[in-house]
Amino acid sequence: MKKYIITLTILSSVLTMSAQDVIWKMTYDVGFPFSATKDFTNQVSWRGVAMDVDRFINDNLAVGLGVSWSVFLEKEPDSYYEREEMLLHGTQVRYINNIPLMARISWYQPMDQFETYFTMGIGTSWQENRLEIGTFAFTGDYWQFALSPEVGVVFPVGQSYLTAKVRYVHAIETSSAPTLSYLGVGVGFAW
């Protein structure tokens, strides 16, 4: 994990060498699960945050990096869980922690009072699935290839900027990892 953080730090430093050509966005995200994610935990994620940085190549095109974190949680009281030759009874608590790390390419389109953008993110996603029932805990820890299209707006408010976005995160299923997919809706600040 340390090598990923160091790589991300170096890349963000390179992207921000010319500060006037860079836009940073920090948002609070709410996640809505789909497919296998919804099968594991069918609750909306109210725990999410994202940080994105884009460096403009020209007036409309930008490249950048993005990292976000979403936590899905569901609690099922008085339930049964069968695994191998065990049948467990109790309160189930299911968690999904997800951290996608994305290289981004964005197209910005200025409008009269605001700016819209479309972004395609390509990278990796780390997810941890955890099911707790009674004193037992079953966990899975996965790295997967991921895609993340996004649309959003940036608009000025006084001396600062607000941003809103809709981002779909899809981590590809592997032989050991389930598909992860959810729709994130975010609002926050840009500078």
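The values are calculated or read from the model by the stated rules, or taken from the named source; none is laboratory data. From a predicted model like this one, the values you see are computed outputs, not experimental measurements. Please note: Cβ atoms are built from the backbone with ideal geometry, for glycine as well, and neighbour counts cover all protein chains shown.
Observations, loosely collected:
- The C-beta contact set for the range 88-112 (first residue in contact (Cβ under 8 Å) with a residue 60 or more places away in the chain, second residue not in a strand (DSSP E or B), distance under 6 angstrom, 6+ apart or interchain) comprises ILE96/THR41.
- Count - residues of the range 122-145 that are in contact with a Gly (Cβ under 6 Å, 6 or more places away or on another chain) and either within 18 Å of LYS38 (Cβ to Cβ) or surrounded by fewer than 17 Cβ atoms within 10 Å (Cβ to Cβ) (or both): 2
- ASN60 being surrounded by 15 or more Cβ atoms within 10 Å (Cβ to Cβ), over 16 Å from LEU183 (Cα atoms), among the polar types (S, T, N, Q) and at pLDDT below 95: no
- Answer from PHE155, PHE114, PHE118 - the residue that is modelled with pLDDT of 95 or more, surrounded by fewer than 16 Cβ atoms within 10 Å (Cβ to Cβ) and within 30 Å of ASP54 (Cβ to Cβ): PHE118
- Per-region count, the range 121-174, residues in contact (Cβ under 8 Å) with a residue 12 or more places away in the chain, farther than 21 Å from VAL67 by Cα and out of contact with any strand residue (DSSP E or B) (no Cβ under 7 Å at 6 or more places or on another chain): 1
- Of ASP29, ASP78, all but one fail to be charged (D, E, K, R) and surrounded by 12 or more Cβ atoms within 10 Å (Cβ to Cβ); the exception is ASP29.
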